[in-house]
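Chemist: Have a look at the structure that comes next, please.
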Amino acid sequence: MPRGGKKGHKGRGKQFSNPEEIDRQMRAQEEEETAGAEKENSDSEEESSSDEDSEFKRRNGVEGLIEIENPNRVSQKNKKTSEVDVDAPKELSRREREEIEKQKSKERYMKLHYEGKTEQARADLARLAIIKKQREDAAKKRDELRKEKEAEEAKAKR
């Protein structure tokens, strides 16, 4: 027995559509299309002034078969070129705004960092001061050792 307890369909008879039924359905569909095309041709002159008000637009896919009664559905309205304001500031998306804010905050941080006002900059400067002092001490020791060797060599030559 297959999963889910469902039985197979192997022994059942197949159902076929009548050829007359198929022909009748095809004729009805062709009549609807031709009637719709004729109606669109006659209405095209009237619709040229008001595209938004037409309810008899040809719909793609399943929309033509099903009437939609969705109160939340917003239809797209085309704007005319006279209504579009080109000079208006473009609204940025949330991601774009966040990216710009991130860049600005990074620039502010780097500016403070170069001025030495951040904690990390202070720690870096302190570490550099320690390293600089260690290097100066090491240089002084090398000079002293070199002078001592020179003094010993001078004594040895006499």
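The values are calculated or read from the model by the stated rules, or taken from the named source; none is laboratory data. None of these values were measured; they are calculated from a predicted model. Cβ coordinates were reconstructed from backbone atoms using ideal geometry, including for glycine residues, and neighbour counts include every protein chain displayed. Accessible surface areas use protein heavy atoms only, side chains included; no ligands, DNA or RNA. Shrake-Rupley method; radii C 1.70, N 1.55, O 1.52, S 1.80 Å.
Chemist: Residue by residue through the range 122-138, what is 3J(HN,Hα) from phi via Karplus (6.51 cos²θ - 1.76 cosθ + 1.60, θ = phi - 60°)? Round to whole Hz and write x for glycine and proline.
Modeler: So the Karplus estimates, Gly and Pro as x, are 4, 5, 4, 5, 5, 4, 5, 5, 5, 5, 4, 5, 4, 5, 5, 5, 5 Hz.
Chemist: In addition: Let me check the size of the range 93-157 from its C-alpha atoms; what are the radius of gyration and Dmax in Å?
Modeler: Rg then Dmax for the range 93-157, in Å: 24.7, 84.
Chemist: For the range 93-157, what % of the accessible area comes from carbon and sulfur atoms, probe 1.4 Å?
Modeler: About 52 percent, which is the carbon plus sulfur part of the accessible surface.
Chemist: Determine the per residue accessible area of the range 93-157 with all protein chains present and a 1.4 angstrom probe, expressed in square angstrom.
Modeler: I get 100 Å² per residue for the range 93-157.
Chemist: Using a 1.4 angstrom probe on the protein heavy atoms only, could you order Y114, Y109 from most to least accessible area?
Modeler: The ordering from most to least exposed comes out as Y114, Y109.
Chemist: Compare the peptides 152-158, 138-144 by average per-residue count of other Cβ atoms within 10 angstrom and give them in order, highest first.
Modeler: In decreasing order of mean packing, 152-158, 138-144 become 138-144, 152-158.
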